[in-house]
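Structure record follows, encoded as structure tokens.
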Amino acid sequence: MNCRNCGTNLSLVVCDLVSAPLSNAYIAEAELIKPEIYYPLCLYICNQCWLMQIEDYNKAHEIFGDTYRYYSSFSTLWLNHASKYVKMIISRLNLNNTSKVMEIASNDGYLLQYFKMDGIPCFGVDPAEGPAQKANDMGIETIVSFFNLDMAAEIVKLKGRQDLIIGNNVLAHVPDINNFVAGLEISLSSHGTITMEFPHLMELIGQTQFDTIYHEHYSYLLLATVESIFKKHGLRIYDVEKVFTHGGSLRIYACHADDKSHPTLLSVELIISEERSQGLFQIQTYHDFQRRVNKIRSRFLQFLIEQRMAGKRIVAYGAAAKGNTLLNYCGVKGTEFIEYVADASPFKQGFYLPGSRIPIVEPHRIFLDKPDFIIIFPWNIKNEIITQLEGIREWGGKFIIPIPELEVIDA
Ligand SMILES: [Zn+2]
């Protein structure tokens, strides 16, 4: 396998999670009698450009097509994050009703709705039909497609070049990152800005967030790597900030390389220096990762076994992709250890988790069953979940956060 960015042969394995089905391939009741496809899940690092990556066994359309069940609007925290961003960027870039805004991976219109409220022209591009349909129904124009260089050329013909291009949690999800970034470049107006958010590889390594490794995430990104890819395509990152979503992400601001209206701020060099001081451009930093992952696995299994032997009831909350990576790597299957996973999204309820085949139910079930422990899979939004479920205190229920170290939290 060669690096998807620079073509270097990849021989350095950071973490081998053996194999798993696609993390978002929830199973309908009627499909439980059918087999599931498991794909290898092995993480490599490129010692030339430091792009961490998995092999793309599955075509993107299998992942993000008509069975994609992730609707951004079901997280209040994520909606607040989007609304705050929109307010900030409108003021920072002086956007008005003559500006042009495009969001890539716009999902169900969770973010663009705030531009629309402010009367700023905008549209989205997203390949997942269900969420895109919901956005269109809300009056947010959404082109149902992947974004790539060819599609970008089509969009420029149709809509012109954009003053602001937004992409949250999409850069890590594209198999051909060079083609994608080339598409961004031709879509951007001469003084336009691109903002992108992606989980920071520095946090993944530092916090052993191995459950964020799944087939939908082709790439795991450092600022230095993204900067060099953008540079290759005539774009310059002029600012960057840390945002606290997905366990620690970066939000980059980019423009055309020769655009003098956006001087490069010190933040860019500061974060790259931090990556350097954390040893992320040295191969030995990555050597210990698998051992730490295995320790988390052993501790999690030990907890499940001990509590079940003691007759305790365990359920989980949040049918997130993260939980699937954890369960599949730990080999937890069926309902012996974890009776079900509750999730607020009606698009997931009634389905089963891929691999483990644990049923997904309505959150209300927790209050009927009064389990002893509730494992929170999407630990990145644990505070939101703990607040929603504080009623479990009534019967002495406790929360469990498995990563980076198993933590028991009293309600
Ligand atoms: Zn490379």
Right, ILE186: away from the ligand (no atom under 16 Å from the Cβ) and surrounded by 23 or more Cβ atoms within 10 Å (Cβ to Cβ) or not? no
Residues in the range 244-266 that are out of contact with any Asp or Glu (no Cβ under 6 Å at 6 or more places or on another chain) and open to solvent by less than 20 Å² (accessible area, probe 1.4 Å): how many? 6
For the range 44-58, does any single residue satisfy the condition of being away from the ligand (no atom under 16 Å from the Cβ) and either farther than 28 Å from ARG291 by Cβ or modelled with pLDDT under 95 (or both)? yes
Looking only at the range 3-30, count every residue that is on the phi < 0 side of the Ramachandran plot, in a loop (DSSP other than H, G, I, E, B) and within 16 Å of the ligand (Cβ to nearest atom) and tell me the total. 7
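Quick check on this structure: which one of PHE347, PHE337, PHE367 is open to solvent by 10 Å² or more (accessible area, probe 1.4 Å) and touching a strand residue (DSSP E or B) at 6+ places or on another chain (Cβ under 7 Å)?
Details: PHE347 fails: touching a strand residue (DSSP E or B) at 6+ places or on another chain (Cβ under 7 Å); PHE367 fails: touching a strand residue (DSSP E or B) at 6+ places or on another chain (Cβ under 7 Å).
Within the list PHE347, PHE337, PHE367, the selection yields PHE337.
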Looking for something within 24 Å of the chain's Cα centre (by Cα), touching a residue at least 60 places away in the same chain (Cβ under 8 Å), within 23 Å of TYR39 (Cα to Cα) and open to solvent by 10 Å² or more (accessible area, probe 1.4 Å) - is there at least one such residue anywhere in the range 305-320? no
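In the range 89-99, how many are open to solvent by less than 60 Å² (accessible area, probe 1.4 Å) and part of a helix (DSSP H, G or I)?
Final tally of qualifying residues: 2.
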Can you pull out the strands (runs of 3 or more DSSP E) entirely within the range 354-411 that have at least 1 residues that are in contact (Cβ under 8 Å) with a residue 40 or more places away in the chain? 373-376, 398-401
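The values are calculated or read from the model by the stated rules, or taken from the named source; none is laboratory data. Keep in mind the model is a prediction, meaning the values are calculated, not measured. For neighbour counting, all protein chains shown are included, and Cβ atoms are generated from backbone atoms with ideal geometry for every residue, glycine included. Side chains included, ligands, DNA and RNA excluded: accessible areas come from the protein's heavy atoms. Shrake-Rupley method; radii C 1.70, N 1.55, O 1.52, S 1.80 Å.
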